[in-house]
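Accompanying notes for the structure given below.
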Amino acid sequence: MPQIPEKIHELTVGQLSARSGAAVSALHFYEAKGLISSRRTAGNQRRYSRDALRRVAFVRAAQRVGIPLATIREALAQLPEERTPTNDDWAKLSAAWRTELDERITQLGRLRDHLTDCIGCGCLSLETCVLSNPDDVVGQRMAGSRLLPVRRPASDGTPGP
Ligand code: FES
């Protein structure tokens, strides 16, 4: 990975791409999604501040573990805009994601343990299937057969629907 001399405070999109390992098209996409920003030169070329390198590294790491772009953008919005983020700023951001990562690991563990059953099943049950209910939302809200409609006898005593 090419080093960028410390005296260079702004990077071209090519330098940012070479240093971060992200394709130029990916950097343009990140910018369009508000994850990184640049200023334009008089010749309408993008220039990125050096902290864009850390932002890109953060975005790529988060994407690798399946964090949605909207969540990544919310996290990056917590960084100070008036100054370059410090190591402490980045550490706080990473710590805040520990819970999110723990939840994803739990979900993936459930999926791993039940995937073979699902492949041979196809029921997509809201109550038991990790494919249709990966967060076990229904299980957390209620237990048993509460999803089934309640059958009440009609006023004339005949069984309900
Ligand atoms: S498809 Fe039946 S349990 Fe997942």
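Averaging 1/r over every pair of different alpha carbons in region 1-109 and inverting the result gives a Kirkwood radius of 14.9 Å. From most to least packed by mean Cβ count within 10 Å, the peptides 118-126, 72-80 give 72-80, 118-126.
Across region 91-108, coupling constants 3J(HN,Hα) worked out from phi with the 6.51/-1.76/1.60 Karplus curve, θ = phi - 60°, read 5, 4, 4, 5, 4, 5, 8, 4, 4, 4, 5, 4, 5, 5, 5, 4, 4, 5 Hz, and Gly and Pro carry x.
Centre-to-centre, using Cα atoms only, region 97-112 and region 1-80 are separated by 27 Å. Between residue 11 and 48, 49, the built amide H atoms are under 5 Å apart, and every one of these is 5 or more places off in sequence or on another chain. Projected label points at residue 29 and residue 106, each 7 Å from Cα along the beta carbon direction, are separated by 3.0 nanometres.
Taking a ≥ b ≥ c as the square roots of the eigenvalues of the Cα gyration tensor of region 27-84, is the shape rounded (a/c under 1.5), prolate (a/b larger than b/c) or oblate? Walk me through the intermediate numbers first.
Values: a/c = 2.17, a/b = 1.63, b/c = 1.33.
Prolate, since a/c reaches 1.5 and a/b exceeds b/c.
Throughout, read-outs are computed from the coordinates displayed, never taken from laboratory work. Since the structure is predicted, the reported quantities are computational estimates derived from the model, not experimental observations. Backbone-built Cβ (ideal geometry, glycine too); neighbour counts: all protein chains shown.
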